[in-house]
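**Q** I have a structure here, written as structure tokens, and I will follow up with some questions on it.
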Amino acid sequence: MSGKKKKLDVIKKPDVNETLRQNGPDAVRQRHDRAHSKHLEQGARLLGDVRNFLCRFVSYPGEHASLTHALWVAHTHLMPAWESTPRLAFLSPEPECGKSRSLEVTELLVPNPIDVMNASPAYLFRKCGDEDAGSPTILFDEIDAIFGPKAKENEDIRAFLNSGHRRGAHFGRCAMHGKTVVTEEIQSYAAVALAGLGWLPDTIMSRSIIVRMRRRRPDEKVEPFRRRVHAPVGEELRQRLMVWAGEVVERVEQARPVMPVGIEDRAADMWEPLLAVADLVGWSELARTAAVALVAAGRISSVSLSVRLLSDLRTIFLNNLEEVSHATPEGLPTKAVLAELIALEEAPWATLKKPLDANQLSRRLQDYDAGPKNLRPGGGNQAKGYHLADLADAWRRYLSPLPAEAVAAVPAVTRDLLQRFFEVGPDTITGDGWDGRDGLSGRERESGANHG
């Protein structure tokens with residue numbers, strides 16, 4: 001036997017072009033399908049384990065929330081693949097609803113977690129700008145302390161959370177190097193999960209997937225969470241997620257998931273990463289059902305005070321169509337509009353910190369190009385008021401169509417006005433329009449709106 005060591009044959013992966021030359025396109029297609037099937041099975045099993053781990057310690061308001069949480073965790077391991085990243089916000093009306101626990105469990109599963117509370121803007125900027133440490137996952141508990149009614153504006157943190165959802169986002173800052181002032185561009189793109197009471201500023205709400213947590217009933221049980229006991233299990237899942245993400249990142253970068261009907265614009269940006277992950281692991285239908293449900297719930301809950309005003313005005317004009325029709329042009333005087341708004345049951349207009357008056361009404365509606373103008377009520381003198389045509393344009397742009405049953409009792413004499421100025425749907429539609437719930441959000445709630 002020769003003294004020379006025999007070289008080991010290097011095992012190489014089959015070349016796609018060679019497979020194509022020898023066996024034809026069907027063989028290449030089969031090879032691709034086998035690889036896809038492997039990733040599908042591995043991914044589904046892995047995300048199922050992640051979801052089960054989360055559900056051991058968190059009492060979710062429903063299945064949509066737990067599935068969305070698992071998808072969000074997976075998307076944090078694929079951050080270079082996304083154009084935008086949604087903020088995941090665990091919000092509740094009262095303490096002890098599982099918000100902080102959701103972040104504690106999340107911390108075990110995501111890459112480079114940073115648990116912050118009342119962090120300074122400079123701290124957040126530097127953490128996100130540290131390229132050597134890798135992209136962080138920021139877990140921001142008690143966010144209501146930052147944006148609540150007793151807090152300062154914290155515009156830098158708000159700007160960080162607003163801009164950092166988009167890949168390539170940077171913050172421009174000036175810094176001193178010795179005695180020289182230099183400019184810096186600091187990356188702000190990062191995955192962020194939030195937890196807090198109440199609601200968030202509207203600009204952050206629009207960039208967030210909202211999970212509205214609630215306190216557990218006595219019969220709803222979860223396991224006690226002990227970090228020293230459960231951290232090893234979470235770390236094992238995190239390592240599996242990292243390996244899986246490395247195998248599928250190229251495939252995910254090419255993903256262009258189809259959005260469900262009604263999810264578009266900013267909502268589509270937020271859900272695209274999660275739906276791409278869902279398609280990869282065979283959760284397509286479940287994820288799209290969850291997306292539709294959570295987007296609709298977020299729209300109802302976060303409707304602004306101004307949109308509530310538009311909805312209430314539509315109700316008032318609909319209930320007074322005959323009087324509206326007698327004015328020239330069709331409309332209602334400001335005095336009549338204010339009286340009707342104040343008289344609405346369960347409306348906030350009489351109990352605001354500063355009750356609604358003509359000036360406030362004018363300022364709010366001018367934003368929608370529907371400010372007061374001259375009109376002549378039937379049999380009366382000329383007065384300032386609101387034209388039906390102006391408001392109808394705003395209603396079409398910012399509110400869902402009226403349900404058919406809402407206009408069933410409209411008198412025949414005013415049917416022409418109804419058809420010209422009111423958009424009517426076949427069934428009850430929820431989402432953008434007012435549904436009777438507390439619709440104050442963001443700064444509206446912080447400014448002192450009180451339902452008493």
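The values are calculated or read from the model by the stated rules, or taken from the named source; none is laboratory data. What you are looking at is a predicted structure, and each value in this text was computed from that prediction instead of being measured. When we count neighbours, we look across all protein chains shown, and the Cβ atoms used for this are built from the backbone with ideal geometry, even at glycine. These area figures cover heavy atoms from the full protein model, side chains too; ligands, DNA and RNA do not enter into them. Shrake-Rupley method; radii C 1.70, N 1.55, O 1.52, S 1.80 Å.
**Q** Let me cross-check residue 316: its accessible surface, 1.4 Å probe, with only protein heavy atoms counted, in Å² to the nearest 10?
**A** Counting only protein heavy atoms, the figure is 0 Å².
**Q** Tell me, what is the per residue accessible area of the stretch 241-360 in Å², probe radius 1.4 Å?
**A** So the stretch 241-360 comes to 45 Å² accessible per residue, rounded to a whole number.
**Q** For 203, 334, what's the largest-to-smallest order of accessible area, 1.4 Å probe?
**A** Listed by decreasing accessible area, they come as 203, 334.
**Q** Ignoring everything but the protein chains, give the 1.4 Å probe accessible area of residue 177 in square angstrom, nearest 10.
**A** 110
**Q** With every protein chain in place, what's the accessible area of residue 422 (1.4 Å probe, Å², nearest 10)?
**A** 10
**Q** Sort 308, 56 from largest to smallest accessible area, using a 1.4 Å probe on the heavy atoms of the protein chains.
**A** From most accessible down to least: 56, 308.
**Q** How long is the gain from residue 250 to residue 405 if the chain were fully straight, where each residue apart is worth 0.36 nm and the alpha carbon distance is subtracted?
**A** That works out to 50.7 nm of additional length.
**Q** If you take the beta carbon distance between residue 419 and residue 44 as r and set R0 to 45 Å, what does 1/(1 + (r/R0)^6) give as a FRET efficiency, to the nearest 0.05?
**A** 0.35
**Q** Of 128, 55, which has the most accessible area and how do the rest follow, probe 1.4 Å?
**A** 55, 128
**Q** Turning to a different aspect of this structure: Given the pairs 127/221; 38/221; 353/384, which span a C-alpha to C-alpha distance of over 31 angstrom in this model?
**A** Correct reply: 127/221; 38/221.
**Q** For residue 333, what is the net charge nearby, where nearby means another residue's Cβ is under 13 Å from its Cβ and Lys, Arg count +1, Asp, Glu -1?
**A** Net local charge, residue 333 excluded: +1.
**Q** Relative contact order for the stretch 326-426: what percent, with Cα pairs under 8 Å and sequence separation of 6 or more?
**A** 29
**Q** In angstroms, what radius of gyration and Dmax does the stretch 223-305 have, counting Cα atoms only?
**A** 16.6, 47
**Q** Taking the solvent-accessible surface of protein heavy atoms with a 1.4 Å probe, what is the per residue accessible area of the stretch 363-416 in Å²?
**A** 56
**Q** At a 1.4 Å probe, what is the % contribution of carbon and sulfur to the accessible area of the stretch 238-316?
**A** Within the stretch 238-316, the accessible surface is 53 percent carbon and sulfur.
**Q** What's the local net charge at residue 196, with K and R +1, D and E -1, over the other residues with C-beta under 9 Å away?
**A** -2
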